[in-house]
1. Over the stretch 185-283, what per residue volume does the convex hull of the Cα atoms give, in whole Å³?
2. Work out the FRET efficiency for F182 and R230 from their Cβ-Cβ distance, taking R0 = 35 Å, and round it to the nearest 0.05.
3. Direction-averaged shadow area of the convex hull around the Cα atoms of the stretch 245-290, nm²?
4. What is the projected area of the convex hull of the Cα atoms of the stretch 96-284, averaged over all directions, in nm²?
5. Restricting things to Cα coordinates, could you compute the convex hull volume per residue of the stretch 91-171 in Å³?
6. Name the chymotrypsin sites (Phe, Trp or Tyr not before Pro) in the stretch 184-249 that are in a loop by DSSP and that have at most 16 other C-beta atoms within 10 Å, would you?
7. What net charge do the residues around G104 carry, taking every other residue with its C-beta under 14 Å from that of G104, with Lys and Arg at +1 and Asp and Glu at -1?
8. Summing Lys, Arg as +1 and Asp, Glu as -1, what charge do residues with Cβ under 15 Å from the Cβ of R132 carry, R132 excluded?
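Laboratory data are not the source of any read-out in this text; all were calculated from the coordinates shown. Since we're looking at a predicted model, the values are computed, not measured. Cβ placement follows ideal geometry from the backbone for every residue including glycine, while neighbour counts extend to all protein chains displayed.
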Amino acid sequence: MNSTRVASTGWLVARRVGWFALSMLVASIVVFALLNLLPGDVAGVILGPNASQQSIDALREQLGLNQNIVPRYVEWLGAMLTGDLGSSALTGAPVNPVVADKFGVTLSLVLFGMLAAVLIALPLGILAALRRGRADGVLISGFSQLGMAIPAFVVGIALSVVVGAKLHWLPANGYVPISRSFGQWLSHLILPALTLGLVQSAVLVRYVRSAFIDVISQDYYRTARAIGWRRWPAIVRHGLRNASLQIVTVLGLQLSTLFVGAIVVESVFVLPGLGSYLVQMVGNRDLPVVQSIVMILVALVLVINLLVDLSYTLIDPRLRAGEDEVDD
């Protein structure tokens, strides 16, 4: 029985990983093809409008742009699989150390933003479910609707002006590496992370509310209340696990969108992260760098979706049983 279950789970994991690998391959083809078919000449952009055609042709040869797109893709994919992100077309410097440094900034921002979103949305969503139809529950739902309509850059600018520039409680922009000062590093991340967290919590509140409305209508919750459990202990003990499947799904989707939203937030707060670097390289038409960063972002989204997908089997054993029935 147990060996059969382990084998079934292993097959499920292997199948999910296989789909992940196929998705990565397709994504790499799409990213490379779209970026290389964009109008404009990279060599011409690098050398400027006054460059001679001979200089442009020489640079195209140096960058390998005269080759057929298929061998260029194979070479690029092989390098990516070995962890080599290539070199900048503008400076010739390796991309890896720059991307690694800037990715650390973006990852810190995204993780703090997700933490802020959960800390805001989880209690508010549960309260909105318990108090639905009452004034405070309606106010929370209204906050959620309003927050979904406000763009991240508006929230960021408001926090930067009010909290940073007017009240001087936190830095309005800029960044200090953690190696220089942990306190300053953290203080410079609070407002950007709070910006991401507020925007994402507006979406998350609605899903948490819906999940817990379903929980408190179930027999196991009513039974717990009937035998003497107080409301909040019953919610924590019996509600969190059963509501977690929906919440994990939304958290996975939001974590993917947070990496995209970080591009805007980094620009507002002048953070030297991956998003602002991508915008800069797009403007410079530095194609190797843009390809590498876009592929990293795509890979992150696919990895997050894979982890969310696999987490279903740990949270809800019924999904494993469903897979067994389909296979039978």
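1. Taking only Cα atoms, the stretch 185-283 has a hull volume of 110 Å³ per residue.
2. 0.30
3. Result: a mean projected hull area of 3.9 nm².
4. Averaged projected area of the stretch 96-284's Cα convex hull equals 13.0 nm².
5. Taking only Cα atoms, the stretch 91-171 has a hull volume of 146 Å³ per residue.
6. W229
7. With Lys, Arg at +1 and Asp, Glu at -1, the net is 0.
8. For residues surrounding R132, the net value is +3.
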